[in-house]
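What follows is one structure encoded as structure tokens, with my remarks underneath.
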Amino acid sequence: MDAVARDTKHQGEHADRGAGPDNTETITFDLAETGGVRSLNAELHRPTSKSYAVQNPAGAHAIAAGIDADIAVDVHGHAGYYCAGMNDGGTVTVHGNAGTGVAENMMSGTVRVTGDASQSAGATAHGGLLIIEGSASMRCGISMKGVDIVVGGSVGSMSAFMAQAGRMVVCGDAGDGLGDSIYEARLYVRGTVGTLGADCIEKPMRDEHRAELAELLADAGLPHDPAEFRRYGSGRALYHFTSEHSGSY
């Protein structure tokens, strides 16, 4: 059986990629039979199609990391660490759970996890949209720098720690230390918050916030009413360390 199975005959396997691939057939990689993630990512970094399917991922690490093209990748099963890390323009869907650091340092594009995500989901991400249909563990959105993160369930402790920019939507509950040392990210939580982190405060929900929240929920395919959410952000008191604030950190 061929290591890489094509749903239809692939024409021009190594065609000029200057404008990106024009081929729309789905190329299937079975990680149980191929050279593994290295072979998969080598193809995704110089894609010959706009559509890929990954079978039998079996929790392998770094699946679909480093994509920088407008391609779609469907991972059928659970992914390990850093799935879709550094994504820049791709659409990656994990039909299962994802390990630590899914969509870490994403620049643009969309990453969707249909199950749950482990810790540090979306860490340091600068842009794009990360959707976790289930729940996310601790440090979700740590040091986020412009990404939008929508979590259908709950998030663990220290989520949005040092979050600099972007929006995070939590449709369930948030653990302790939410938004600790936050800068200018906007946080929306539908459920309860364990405790707020240093310099994270509740803020009023205005029409502009309800409008952007409604858009994010629609993009994620979630039916919730924006009126059910509360907004949190920076109190702007701890941007710079001073000795008189040392007890607040």
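Among the residues of the range 150-195, write down those that are part of a loop (DSSP other than H, G, I, E, B), in contact (Cβ under 8 Å) with a residue 60 or more places away in the chain and under 16 Å from the mean Cα position of the chain (by Cα).
Looking only at the range 150-195, we keep the residues that are part of a loop (DSSP other than H, G, I, E, B), and these are 152-154, 156-164, 171-173, 175-177, 179-185, 190-192, 194-195.
Filter once more, keeping what is in contact (Cβ under 8 Å) with a residue 60 or more places away in the chain: 152, 181.
Of everything in the range 150-195, just one residue is part of a loop (DSSP other than H, G, I, E, B), in contact (Cβ under 8 Å) with a residue 60 or more places away in the chain and under 16 Å from the mean Cα position of the chain (by Cα), namely 152.
Condition test on residue 93, is it under 22 Å from residue 32 (Cβ atoms) and polar (S, T, N, Q)? I'd like the intermediate steps shown before the answer.
Working: under 22 Å from residue 32 (Cβ atoms): yes; polar (S, T, N, Q): yes.
Spelling it out, residue 93 is indeed under 22 Å from residue 32 (Cβ atoms) and polar (S, T, N, Q).
Note on the range 21-38: residues that are touching a Leu at 6+ places or on another chain (Cβ under 9 Å) and of a type outside the set (A, V, I, L, M, F, W, C) total 1. Residues of the range 181-238 that are over 18 Å from residue 129 (Cα atoms), surrounded by fewer than 16 Cβ atoms within 10 Å (Cβ to Cβ), in contact with a helix residue (DSSP H, G or I) (Cβ under 9 Å, 6 or more places away or on another chain) and of a type in the set (A, V, I, L, M): 205, 227, 237. Within the range 18-51, the set of residues being in a helix (DSSP H, G or I) and among the hydroxyl-bearing types (Ser, Thr, Tyr) comprises just one member, 39.
Can you find a residue that is under 21 Å from residue 47 (Cα atoms), crowded, with 20+ Cβ neighbours inside 10 Å, under 11 Å from the mean Cα position of the chain (by Cα) and not hydrophobic (A, V, I, L, M, F, W, C) anywhere in the range 113-124? The answer is no, given that none of the residues of the range 113-124 is under 21 Å from residue 47 (Cα atoms), crowded, with 20+ Cβ neighbours inside 10 Å, under 11 Å from the mean Cα position of the chain (by Cα) and not hydrophobic (A, V, I, L, M, F, W, C).
The residue that is surrounded by the most Cβ atoms within 10 Å (Cβ to Cβ), counting only those in the range 148-164 that are over 25 Å from residue 227 (Cβ atoms) and of a type in the set (A, V, I, L, M), is 158. Look at the range 108-125: where a residue is farther than 17 Å from residue 61 by Cα and a partner is of a type in the set (Asp, Glu) and not in a loop (DSSP other than H, G, I, E, B), sitting 6+ places away or on another chain with Cβ atoms under 7 Å, you get 108/88; 109/88.
We did not get these values from a lab; they are worked out from the coordinates using the rules stated. Since the structure is predicted, the reported quantities are computational estimates derived from the model, not experimental observations. Virtual Cβ from ideal backbone geometry, glycine too; neighbours counted across all protein chains shown.
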